[in-house]
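The values are calculated or read from the model by the stated rules, or taken from the named source; none is laboratory data. If you're wondering where the values come from, they're calculated on a predicted model, not measured in any experiment. FYI the Cβ positions are ideal-geometry reconstructions off the backbone, even for glycines, and counts take in every protein chain you see.
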Amino acid sequence: MAVDDVIQIELMLNRFRRLMAELQSGTINRNNFEPWEIEILLDLESCQVQSRRWTETLRQYEKTVERQLEGGFGPPMKLSEYLALRAQKKVSNF
């Protein structure tokens, strides 16, 4: 992997962590977003997660995306993709 790619992934990971922290705090304090961040925000809004499970689901999603980006693969998967993978995993375990 080229040095520029590593830098881009690192920047993406930092922006993702910042976005997740803002979502967890309940306030987004900026108005400049990367296209993939907007896609994630729109996807989060469209996903139907039970309110009592929202915090835990978001935390698990964040950890999964961090592992994805640390592995050098970007952009971050959407929450809907994460939920689909998790559902597939549950089905395959039965």
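Here are a few things to note about the model shown:
- Within the stretch 24-43, being at pLDDT below 90 and hydrophobic (A, V, I, L, M, F, W, C) holds for one residue alone: I28.
- Set E56, E37, E66: member being under 18 Å from A87 (Cα atoms) and in a helix (DSSP H, G or I): E56
- Single condition K89 does not satisfy, out of (1) assigned to a loop (DSSP other than H, G, I, E, B); (2) more than 21 Å from L13 (Cβ to Cβ): (1)
- Single residue of the stretch 23-34 satisfying the filter (loosely packed, with under 14 Cβ neighbours inside 10 Å and in a helix (DSSP H, G or I)) that is nearest to the chain's Cα centre (by Cα): Q24
- Looking across the stretch 69-86, just one residue is of a type in the set (A, V, I, L, M) and in a loop (DSSP other than H, G, I, E, B), and that is M77.
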